[in-house]
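Only the coordinates and a few stated rules stand behind these numbers; no lab work does. Fair warning: this is a prediction, and the values are worked out from it, not measured in the lab. Using ideal geometry, Cβ is built from the backbone for each residue, glycine included, and neighbour counts are taken over all protein chains shown.
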Amino acid sequence: MNNVRERDLATPASTNPERVDIEIDGMPATVRAGTSILRAARENGVDIPKLCATDSLQPFGSCRMCLVEVEGRNGYPASCTTPVEPGMKIRTQTGALARLRRNVMELYISDHPLDCLTCSANGDCELQDMAGSVGLRDVRYGFEGENHLDEGVDASNPYFQFDGSKCIVCSRCVRACDETQGTFALTIEGRGFASKVSASIGEDFLDSECVSCGACVQACPTATLMEKSIVEHGQPDHSIVTTCAYCGVGCSFKAEMKGDQLVRMTPYKDGQANHGHSCVKGRFAWGYASHRDRVTQPMIRDDVKDPWRAVSWEEAIEFAAERFRDIQDKHGRKSVGGITSSRCTNEEVYVVQKLVRAAFGNNNVDTCARVCHSPTGYGLKTTLGTSAGTQPFDSVMDADVIMVIGANPTEAHPVFASQMKRRLRQGAKLIVVDPRQIGLVRSPHVEAEHHLALQPGTNVPVINALAHVIVAENLADEDYVRDRCDLDSWDAWRAMILREENSPESVAAISGVDADTIRAAARLYGSAQNAAIYYGLGVTEHSQGSTMVMGMANLAMATGNLGRSGVGVNPLRGQNNVQGSCDMGSFPHELAGYRPVADAEVRTQFEQHWGVAIDPEPGFRIPNMFDAACAGDFKGMYIQGEDLAQSDPNTQHVEEALSSMECVVVQDLFLNETAKFAHVFLPGTSFLEKDGTFINAERRINRVRPVIPPAQGKDEWRITQELAQALGYDMDYSSAAEIMDEIAKLTPTFSNVSFAFLDEVGSVQWPCNDAAPMGTPIMHVDAFVRGKGLFVETDYVPTEERTSRKFPLLLTTGRILSQYNVGAQTRRTPNNAWYGEDLLEIHPSDAEMRGINEGDLVSLTSRKGDITLKATVTDKVQPGVVYTTFHNPETGANVVTTEYSDWATNCPEYKVTAVQVAPAMRRSSWQENFEKRARETTRVADA
Ligand code: SF4
Ligand code: SF4
Ligand code: SF4
Ligand code: FES
């Protein structure tokens, strides 16, 4: 448990290693060169008053509260903008300074509503604190003159308000939006007395460029910018540090509590992934945890056509166990399986895969990472030796060239995007490889040097062409390759990459990116001191997803861009714990730590600890489970926190598979789409109720701490444990910490990890073991984990999904900032204010050809099915390409996606579907059935 307020050292820390001796109020002090006098004083326990300064922002020098005297200098310099110098003698408390500060404060207060006692910031207001600190007792100027007391309140943002009457025009909000967030949404409008804060050009916050990250609210020293939850509930009295449960950035937050009520989530300054920044989801969109739709009682039903019946935990667990036992008796040991969730903690995931292997007695376990980043695991393991990204996020600050491929960080990984934009504003160059004009291509003060707007499905030829130019123009780092890589594989790859079919000219014809642009991008990447690749699902969710991951690793090895800060190949993971769910042994062929289940030595280790024999044969992947279900051979599934019916491709096939099972157990917060096919519903816990760990995209193991007790009365790992016990396997943990202890014992890359260690150090990046006791921020430093880096030939094999006269457009999918994946959480928050429904982006020329206008209802038809949704006409997409999100179940975006998948991992090819778009008069039959079925299958019987 922490204090709510963190100490503010007023200006950012200096990074200069040199030390400087100074004297503050007669006391000797030593600080880093480049430190401001204000920070130097605060570091030494002397709190000079300040208003416009805060340690997350560059000093500004506008409020004049921090004046000091420096021996040998005239006047009263502002201590926030004056760096220390050797031998400086500083006085912070003199009669003259006290008078000056009181006068300044008097002017502020004379234009400020004197409602401190009833103000929502009472107790957490720097203006109030400073008035006390300078000893202001009297204000000589009345309120008769001109003032700002009648400025209105802008409450348009769902989460915070702006009360102009309380603004002291310190610009902290403007600087936070510029420096921390990089959106540049705020300005100070007008001059002198008339100056005031304005969101974009006179708009209210909701309609402005503001992305609701909360940085300005955090920076505001008064009640001007204030969370509505604080206005409603009052100031918090304690806080607990935990981790955001949305994306793979893994931001640390202080959950600020008033008694047992959560009143605010504040990004944690010491959070090693986010350094005190946040996005709208983690900062504000946590209300789903107490949404009225949340199910808190276990439910069962004999048939999916029956209404649900609320029962006790014992009855629900016994019901599930009996069904699983019966199925196995009738259809064999391998007729059941389980799915782990990348939204759950490592500890919760670990017990589910153990349940499958130890209690079901097979390896039919898979994870939702199958449908997102499984090619990352395969591709990086094959080439480099580890199924994970190579760098910490902070490494981007050392990159000179940043290549973003198939990722949209400002929407999907916003806090990292802000950091990346900071580096780009410092002068790093950007290459974007994406069919769409994503936000990074052009935003305030950031512009991509090259945008390779390729046709969906042509990543592999483009990466090959980039490599072709680099090798052909001698930009490869042959010394690095000779020293670090397998030379036979290099020779073979080099010969392949130099083939004419991989030249920019040949690839231009396939990808639609002109040869000059490919050449220029290759030269920029190939000649950089430090070049880093960041990529997302636009790489992996293709029939050649694994090939492309290996293509990027080849390129990075060929140019020596692996093994130090500022470089690397970095997957931006979609969900909070994708990395962890994979690490925990969720794949059917691997136990925790990616160790093959077929390896007798590995199995023996687990068997000795678990006291049970483990099947040596790898189990089914998710698509195999569905196929086997449709064939009548797979009959039972335990699904932890994943909405398969909405998130997996080819919805009709998924629904057919789920409908053919005899026992579907769904463990989730809400009755999701998959629950329509379920026989048992086991209510889960929100991240606010969990005790455990998440692992973010940089392999960082972060603690998730319970803030409130489980709403349904039970930790999720206990539910799984009780099911295992009911099936006859004696799983017997008494805490989540104990589960982590077992993980550490059985997983060499985690051997030094424990809750106690994480509580002590904050977080750590795996491998964390005796060889790396404090973790491993950068992988492959002296050598690759696999020994020599392996170049893999990456021949281009076009996807079988092709456009035709009937389906002339290519559909690609993605997500937006305010919503998250299938929307189960964010759709139950006020985030809907920004985006209520999935829209189809279509280029103006394609729209005109079809008579489609902005906002029209259109049909989207593929070889698999058809849906309807509204169109938005935009040149963010190129002609021939349409784009949509998949956040609303009613849209059914996956009704149209195909069964094609990555050749190595079966990751679905969500990013390429041939479609036709036409104006529509009515909703598709799938959508009409959707509502009818939803009503029928989610009925709950009266108690
Ligand atoms: S809104 Fe707050 S941070 Fe912004 S200028 Fe006004 S007082 Fe300062
Ligand atoms: S919430 Fe974020 S984006 Fe919006 S104005 Fe504040 S700092 Fe800028
Ligand atoms: S960037 Fe990701 S982890 Fe951070 S607050 Fe936003 S959703 Fe949460
Ligand atoms: S804190 Fe130094 S001028 Fe405002």
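Note on Cys80, Cys116: ascending count of other Cβ atoms within 10 Å places them as Cys116, Cys80, the fewest first. Working from Cα positions, state the angle (0 to 90°, nearest 10) between the long axis of helix 515-526 and the longest principal axis of the chain. For 515-526 against the chain, the angle is about 70 degrees. Relative to the longest principal axis of the Cα atoms of the chain, helix 374-383 runs at roughly 90 degrees.
Considering every alpha-carbon pair of the stretch 510-636, the percent of pairs per 5 Å bin, from zero through the bin containing the longest distance, is 2, 8, 11, 14, 17, 13, 11, 9, 7, 4, 3, 1, 0.
Extension gain for His238-Met397 works out to 53.9 nm (0.36 nm per residue, less the C-alpha to C-alpha distance). Counting only Cα atoms, the size of the stretch 228-298 along its three principal axes is 36, 29, 19 Å, in decreasing order.
Considering only alpha-carbon pairs that sit under 8 angstrom and 6 or more positions apart, the relative contact order computed for the chain is 13 percent. Approximating the spin labels as points 7 Å out from Cα along Cα→Cβ, the Lys89-to-Ser735 distance works out to 5.6 nm. Computed across the stretch 567-651, the Kirkwood radius stands at 15.3 Å (inverse of mean 1/r, all Cα pairs).
Using the alpha carbons of the stretch 219-349, what is the convex hull volume per residue in cubic angstrom, as a whole number?
173 Å³
Helices in the chain, meaning DSSP H runs of at least 4 residues, each add -39500 (n - 2.57). Divided by all residues, the mean residue ellipticity at 222 nm is -8000 deg cm²/dmol.
Other residues whose C-beta falls under 12 angstrom from the C-beta of Glu841 contribute a net charge of -1, scoring Lys and Arg +1 and Asp and Glu -1.
The fraction of all Cα pairs in the stretch 55-128 landing in successive 10 Å bins from 0 to the largest distance is 16, 39, 32, 11, 2, given as whole percents.
Considering all C-alpha pairs of the chain, those separated by over 52 Å amount to 19%.
The average projected area of the stretch 319-427, computed from the convex hull of its Cα atoms over all directions, is 9.8 nm².
Take the Cα of Asp25, go 7 Å toward its beta carbon, and the backbone nitrogen atoms of the stretch 74-108 under 11 Å from that spot belong to 91-94.
The share of C-alpha pairs in the stretch 805-943 whose separation exceeds 26 Å stands at 26 percent. Measuring from a point 7 Å past the Cα of Lys305 along Cα-to-C-beta, which residues in the stretch 666-686 have an amide N at less than 18 Å? Of the residues in the stretch 666-686, 676-680 have backbone N under 18 Å from the label point off Lys305.
How far is helix 313-331 tilted, in degrees, relative to the longest principal axis of the Cα atoms in the chain, given as a value from 0 to 90 rounded to the nearest 10? Around 30 degrees separate the two axes.
Local charge for Glu232 was computed over the other residues whose Cβ lies under 14 Å away, with Lys and Arg +1 and Asp and Glu -1, and equals +1. Between Ser845 and Arg102, the simple label model (points 7 Å from Cα in the Cβ direction) yields a spacing of 7.3 nm.
Once you have the Kirkwood Rh of the stretch 842-881 from its Cα pairs, apply Stokes-Einstein at 37 °C and 0.692 mPa s and quote D in µm²/s. Approximately 313 µm²/s, per Stokes-Einstein. At an R0 of 51 angstrom, the distance between the Cβ atoms of Ala155 and Ala33 translates into a FRET efficiency of 0.65. If you take all other residues with their beta carbon under 9 Å from the beta carbon of Met65, and give Lys and Arg +1 and Asp and Glu -1, the sum is +3.
For the pair the stretch 738-764 and the stretch 398-477, the centres of their Cα atoms are 35 angstrom apart.
Using a simple spin-label model with pseudo-atoms 7 Å out from Cα toward Cβ, Ala194 and Glu617 lie 8.2 nm apart.
Translational diffusion coefficient of the stretch 100-250 (Stokes-Einstein, Kirkwood radius from Cα pairs, 10 °C, 1.306 mPa s): 95 µm²/s.
Between their Cα atoms, which of Lys421/Lys870; Lys281/Lys690; Lys870/Lys911; Lys305/Lys690 are more than 23 Å away from each other?
The answer is Lys421/Lys870; Lys305/Lys690.
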